Amino acid sequence: MEVNSNNTNLASQFILTSSEVKINKSVNSKEQLNSEMERLAKDAYHKDQPKEPEAIYDKPMNITTNNVVSTREAEEKALNNIRIATVNLYMPGGEVSNSVEKMFTQYDNIMAEIAAEQPSLANKDWGLSISQSGELEVTGSISDKEKSLISEKLNDNGDFVAAAQEFKSSFLEHIDLGVRGWSSYDVNEDNFSKIFDLKEMLDNSQGTESFKQAWNKDFSWLELNDNISSQLRRNATKF
């Protein structure tokens, strides 16, 4: 994919604060973004830590406190888990972004089919959640007949359902490994359906014109991240 390097304000730098992950849309090109992603993966969780002194000798050291053994290998493994979680939760090409993009690519066609059979639904307020069993459930103040029509259209699309299930499983897996940001919120199997409205997420993942020109696609991981953060703030509690 060719990227126009003259476009600005199209991607992001990560800034980890004590409570949330913020995205500043100020990187000039996709090449710069890739560089920032690589830097983030290496440095994001070391920024405010004091520089480690050079080792005086090479003998491995174990520190035991209350029967818990801490080793350099264990610390490096934990930091690597955090790095992996960060990439998969927030970055383009991560598992969360990829799964929602799979839903997004089919969403318009599914909505067109629904509108063809029930045009009035286009102007009605309804939502979409994923149950603990992995089925898609229609929510909102519409009739049972309308919910049944929408549910049938969505659940009959195996690829769409599989992508929704992938979004749920990858999100839950990586917030358990991550720190701060989205990992600060209490999201689990029991409350997932009450926190995330997949229809709202898909309706708000459309890229701006400048984003489309730079990335050559309609789906925007930046807008997706903004919406996930918004739904978490409204519907989830913090630890």
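The values are calculated or read from the model by the stated rules, or taken from the named source; none is laboratory data. Bear in mind that the values here come from a model prediction, so they are computed numbers and not experimental data. For neighbour counting, all protein chains shown are included, and Cβ atoms are generated from backbone atoms with ideal geometry for every residue, glycine included.
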(message) Need the failing condition index for ALA236 against (1) touching an Asp or Glu at 6+ places or on another chain (Cβ under 8 Å); (2) of a type outside the set (Asp, Glu); (3) closer than 23 Å to ILE110 by Cβ, just the number.
(response) (3)
(message) Among the residues of the range 115-146, what is the count of those that are over 27 Å from the mean Cα position of the chain (by Cα) and either in a helix (DSSP H, G or I) or under 27 Å from ASN216 (Cα atoms) (or both)?
(response) 10
(message) Please count how many residues of the range 187-236 are assigned to a loop (DSSP other than H, G, I, E, B) and farther than 23 Å from GLY140 by Cβ.
(response) 7
(request) Select from the range 134-165 the residues that are within 23 Å of THR237 (Cα to Cα) and touching a residue at least 60 places away in the same chain (Cβ under 8 Å) and list them in ascending order. (result) ALA164
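Can you find a residue in the range 159-177 that is in a loop (DSSP other than H, G, I, E, B) and exposed (fewer than 15 other Cβ atoms within 10 Å of the Cβ)?
Taking the range 159-177 first, the residues in a loop (DSSP other than H, G, I, E, B) are none.
Looking through the range 159-177, none of the residues is in a loop (DSSP other than H, G, I, E, B) and exposed (fewer than 15 other Cβ atoms within 10 Å of the Cβ).
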(request) Using the structure shown, decide if ASP125 is surrounded by fewer than 11 Cβ atoms within 10 Å (Cβ to Cβ) and either in contact with a helix residue (DSSP H, G or I) (Cβ under 7 Å, 6 or more places away or on another chain) or of a type outside the set (Lys, Arg) (or both). (result) yes
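Would you confirm, using the coordinates I've provided, whether LYS102 is in a helix (DSSP H, G or I), modelled with pLDDT under 95 and among the charged types (D, E, K, R)?
On the way: in a helix (DSSP H, G or I): yes; modelled with pLDDT under 95: no; among the charged types (D, E, K, R): yes.
Criteria not met by LYS102.
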(request) All but one of (1) within 21 Å of the chain's Cα centre (by Cα); (2) surrounded by fewer than 12 Cβ atoms within 10 Å (Cβ to Cβ) hold for GLY181, so report the exception by its number. (result) (2)
(request) Kindly list, by first and then second residue, each pair from a residue in the range 112-133 that is farther than 12 Å from ILE150 by Cβ and without any contact (Cβ under 8 Å) to a residue 60 or more places away in the chain to a residue that is of a type outside the set (D, E, K, R) and surrounded by 15 or more Cβ atoms within 10 Å (Cβ to Cβ), limited to pairs with Cβ atoms under 9 Å and residues at least 6 apart or on different chains. (result) ASP125/ILE142
(request) Looking only at the range 217-226, decide whether some residue is of a type in the set (S, T, N, Q), modelled with pLDDT of 95 or more and on the phi < 0 side of the Ramachandran plot. (result) yes
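Does ASN81 fit the bill of being modelled with pLDDT under 95, in a helix (DSSP H, G or I) and not acidic (Asp, Glu)? Please lay out each step first, then the result.
Working: modelled with pLDDT under 95: yes; in a helix (DSSP H, G or I): yes; not acidic (Asp, Glu): yes.
So ASN81 passes the test.
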